[in-house]
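Here, each number is a calculation from the coordinates, and none is a lab measurement. Keep in mind that this is a model prediction, so the values were computed, not measured. Note: ideal-geometry Cβ built from the backbone for every residue, glycine included; neighbour counts use all protein chains shown.
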Amino acid sequence: MRGTEATTPEGGGSARAAVGLAVVCIGASIMPLDTAVNISFPHIARDLGVELVDIQWVVICYVTTYAALMLVCGKLGDLFGYRRVFAIGLAMATVALALCALAPTFGWLLFFRFLQGLATALVVSCAPALVTLMYPESSRARVLGIYTMTYGLGNMLGPWVGGMMIEQFGWEGVFGFRAPLAGLAFLAVWFVTEPVRERTAGERLDVVGAVFAVLAMAGLLATVSLLQADGALRWGAVALGLAAAAVIYLFWRHEDRHPFPLIRPAAFRDMPFSVINGANVVVNFVAFAVLLLVPFYLVRATELSAGWAGAVLAAGTFGWVVASPLGGRLIGPVNPRRMAALGLALVGCGLLGTAQWTADSPFPLMVATLFVQGVGMGLFQVAYMQVVTGTLARRDRGVAGSLTMLTRTIGVVVGVQMLTLIHDSFEARALADGLVSLDAFMHGFHVTFLVSGGGMLAFLALTALSPKNWWRAPPPGSDLG
């Protein structure tokens, strides 16, 4: 190809490609396994002598860092090699996770979480590019199904493994157990074949665009995180949000004119592509209601043992794990955009089903509604990654993988704040009306899931009415690069 250069050939369907896929999945699992950290919050607060309310910074430092750097790290992979960037991230993750486990004070823990966020951005931004480009394009959907399945497994196993680590090693264990995983993947990374990369002659990193992207995402996520603060912090969040909006505008103007942009704005002028990226934000927003409220429901409204309560909560991620490889196999005969729409519909129906729970809901009903929601998430995530990686050019595969994680993160962060606000507002109103504590909680629970499930189905219906119906658009091809 004129004006491009290539590295080594694709791994194809060889045994080495299968081993490489396993290595990438193990390395990338350090991100979903971070769900183990949530269960350690009370222990960290007690041992490091901080208020429980300040524990949120353990999450904010980590999430803001990897989200702000994700697009830049994906572009570094596009320019300098996915395996190289992935390996650097694994080495850094091994050290950062070990340092988190050894943190002597809360301040040091936050700094090490920042390093962990940087490592996660390097690893996860390049993981989808590695797994898809090691195989022929005809196998891309199946490989994405396997990759998405392992992500769901990490989400499911994180709290369970985290609980065991705390029992054996204290809160340090929720960080320490992932350091060997990252180290093992780093030692085995040479089994991962460096995919063919296409580079336009003279292509370089858009440094100004990279700075704009980091500032914009950091400002946006910090704004969302501070929206519920009191007093001056709330006004600070408003000012920060306006500044972030201005930087996003400048970023987009700059990218439109740059010969080698960080991300190609032309892709987002395609309405179906823009809508499906927006759908990933929305679906992660509404689905977070499960992780946010169901654990409190299981403790306050049921008499289930911890084991059975865990089984209920795991039903959603189990549905994700089951549906992901199935979705990967069905894409081809089924347009991935249609599969994405089906996934969104199932998520909405599952959340509306959860809105019907009462204190006397039978165990099978709870499992069934969460399982339906999880199946929807699994189908949507595979289809969404297939569309994004097929729409952006192959040489931008690192940016494509980064975009899928970035939109997910935005949805989760916004969901944490807005769903908490919805539930707490309606719970407080019910308490003011004289309801007892449990009934007030259940009132907020029902409203939040009705808003989540109904909002998901409303989004699907409204976007289906568009003149350019996104889920009827033809399957994407790599034609925008």
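List of remarks:
- Cα long-axis angle, helix 106-133 against the chain (0 to 90 degrees, to the nearest 10): 50
- Hydrodynamic radius of region 206-259 by the Kirkwood approach over all distinct alpha-carbon pairs: 11.5 Å.
- Check: the chain dipole with +1 on Lys, Arg Cβ and -1 on Asp, Glu Cβ, in debye: 1500
- Ordering of 436-446, 234-244 by packing [mean C-beta count within 10 Å, highest first]: 436-446, 234-244
- Global geometry of region 47-201, whether rounded, prolate or oblate, following the gyration tensor of its Cα atoms and the 1.5 cut on a/c: prolate
- The chain: angle of helix 178-187 to the longest principal axis, Cα-based, in degrees nearest 10: 10
- Estimated dipole of region 15-192 in Debye, rounded to 20 [Cβ of Lys and Arg +1, of Asp and Glu -1, Cα centre]: 620
- Prolate/oblate/rounded label for region 267-481 (Cα gyration tensor, a/c 1.5): prolate
- Values (1) 74, 56, 48; (2) 119, 53, 43; (3) 66, 48, 40 are given for comparison; Cα extents along the principal axes in Å, derived from the coordinates here, is the one labelled (1).
- Note on region 274-324 and region 203-266: Cα centroid distance 30 Å, given to the nearest whole angstrom.
- Shape of region 9-85, Cα gyration tensor, a/c cut at 1.5: oblate
- Projecting the Cα atoms of PHE273, ALA314, LEU242 onto the dipole axis of the chain, where Lys and Arg carry +1 and Asp and Glu carry -1 at the beta carbon, places PHE273 farthest toward the positive end.
- Taking the average, over residues, of other Cβ atoms within 10 Å as the packing measure, peptides 73-81, 152-160 rank 73-81, 152-160 from highest down.
- The distance linking region 68-134 with region 326-346 is 31 Å (Cα centroid to Cα centroid, whole angstrom).
- Protection proxy ranking, peptides 283-296, 259-272, average beta carbon neighbours within 10 Å, highest first: 283-296, 259-272
- Mean ellipticity per residue at 222 nm, deg cm²/dmol - from DSSP H runs of n ≥ 4 across the chain, formula -39500 (n - 2.57): -25500 deg cm²/dmol
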